[in-house]
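Since every read-out is calculated from the coordinates, none of them should be taken as a lab result. Please read all numbers here as calculations on a predicted model, not as lab measurements. Glycine also receives a Cβ, built like all others from the backbone with ideal geometry; neighbour counts cover every protein chain displayed.
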Amino acid sequence: MTVLGIDPGKSGGLAVIDSNGQAHTWPMPPTLPDLWALFERIRDQFGPVDVEMEDVSSSSQQGAKSIWTFSGNFHALRMACVAMKWKTHREKPLAILKATGCHVTPKPLPPKAPKGASDEAKKAANKARTKATNQKQRVQKNRTRELMLERWPHVKTNGTQGLTLKVADALMIAEYGRARRASA
């Protein structure tokens, strides 16, 4: 069984764990034609695949343009899977993180500004919360990358040695899908 893991963000990636247990990774292609070409390449190299995709949604921290771009990428990936006639399963990020041992228990966020606080206090509280959220995400991504490198020390991204942060999540998602199918 070959599993394709997809981290659907624009700075995400794709990872295949083939029937021999070998991992192959690619950063997210920048354009729709490039994405389709990669899907064709994966199909030609590996045959039919089962797809495991992160089931994500927009965040209140994202701006309108960011949400629009993310949604377009997510749905383009889903449509490409449909066009390839690949069986697709979507799972929430936290479930994937916990199942693969990649989850890092986050520190509590700084408090929100109290009601009636000055605009300056609200701005400072929001800035502190954003900084803490960004730090939490960096810690989580680095943890995922470290664990995936332990499991696949020889993985290559686009033919070059090494596992980038862009594709570490995709490899974790593929590993989750492989383990889920093996236990079914």
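Quick notes
- Set of aspartates and glutamates with alpha-carbon distance to Lys87 below 17 Å, sequence-local pairs under 8 removed: Asp7, Asp18, Glu40, Asp44, Asp50, Glu52, Glu54, Asp55, Glu175
- Helical contribution to [θ] at 222 nm, DSSP H n ≥ 4, -39,500 (n - 2.57), averaged over the chain, rounded to 500: -18000 deg cm²/dmol
- Given (i) -0.43, -0.69, -0.88; (ii) -0.57, -0.94, -1.17; (iii) -0.42, -0.73, -0.99, the label whose value is log10 I(q)/I(0) by the Debye sum over Cα atoms at q = 0.10, 0.13, 0.15 Å⁻¹ derived from this model: (i)
- Screening the chain for whole DSSP H helices with an alpha carbon extent of at least 27 angstrom along the helix axis and a mean Kyte-Doolittle hydropathy of at least -1.0 yields 64-84, 165-183.
- Region 102-184: trypsin sites (Lys or Arg not before Pro) in DSSP coil with no more than 12 other Cβ atoms inside 10 Å: Lys112, Lys115
- The Cα center of region 8-29 and the Cα center of region 77-150 differ in position by 20 Å.
- Three-way shape label, region 68-121, alpha-carbon gyration tensor, a/c 1.5: oblate
- When the C-alpha to C-alpha distance is required to be over 21 Å, the pairs from Lys85/Lys141; Lys98/Lys166; Lys10/Lys123 that qualify are Lys85/Lys141; Lys10/Lys123.
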